[in-house]
Amino acid sequence: QDQLVESGGGLVQAGGSLRLSCAASGTILSMNTMGWYRQAPGQQREFVAVITSSGVTKYGDAVKGRFTITMGKAQITASLQMNSLKPEDTAVYYCNAVRGSRSFWGQGTQVTVSS
């Protein structure tokens, strides 16, 4: 069964960088889109970024110009390069992938940005 596994979260100072990775396990079938969402305590899940299998990207307003999403050639992995991090970027980050009518979610990885 397809599963998404995230890695790369952690604690970083404001202004620093982190790179999150997401890998689909249990499959060799490519995804149509892969993306990232985040959820801070007491808040709703927020869209961060998405990339399509053709390389089209879209970013949430809060991260434009600071975050970059990429997808691996096999289209079963994705990364999120996060630069110029701010305390308000602190959240649990979730990977999402879509293939046809199916949507997959990872378990989440914590990102904490200290001021």
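Taking the conditions exactly as written (touching a Pro at 6+ places or on another chain (Cβ under 8 Å), of a type in the set (S, T, N, Q) and open to solvent by less than 70 Å² (accessible area, probe 1.4 Å)), does S114 satisfy them or not?
yes
Anything in region 1-29 that is open to solvent by less than 50 Å² (accessible area, probe 1.4 Å) and of a type in the set (G, A, S)? List them, or say none.
Hits for region 1-29 are G8, G9, G10, G16, S21, A23, A24, S25.
Restricting attention to region 32-78, which residues are at pLDDT 95 or above and among the aliphatic types (A, V, I, L, M)?
Hits for region 32-78 are M34, A40, V48, A49, V50, I51, V56, A62, V63, I69, M71, A78.
Within region 51-68, which residues are touching a residue at least 12 places away in the same chain (Cβ under 8 Å) and closer than 16 Å to S30 by Cβ?
I51, T52, S53, G55
The values are calculated or read from the model by the stated rules, or taken from the named source; none is laboratory data. Quantities reported herein were computed from a predicted structural model and do not represent experimental measurements. Methodologically, a virtual Cβ is constructed for each residue, glycine included, from the backbone with ideal geometry; neighbour enumeration extends over all protein chains shown. What goes into the accessible areas is simple: the full protein's heavy atoms, side chains included, and nothing from ligands, DNA or RNA. Shrake-Rupley method; radii C 1.70, N 1.55, O 1.52, S 1.80 Å.
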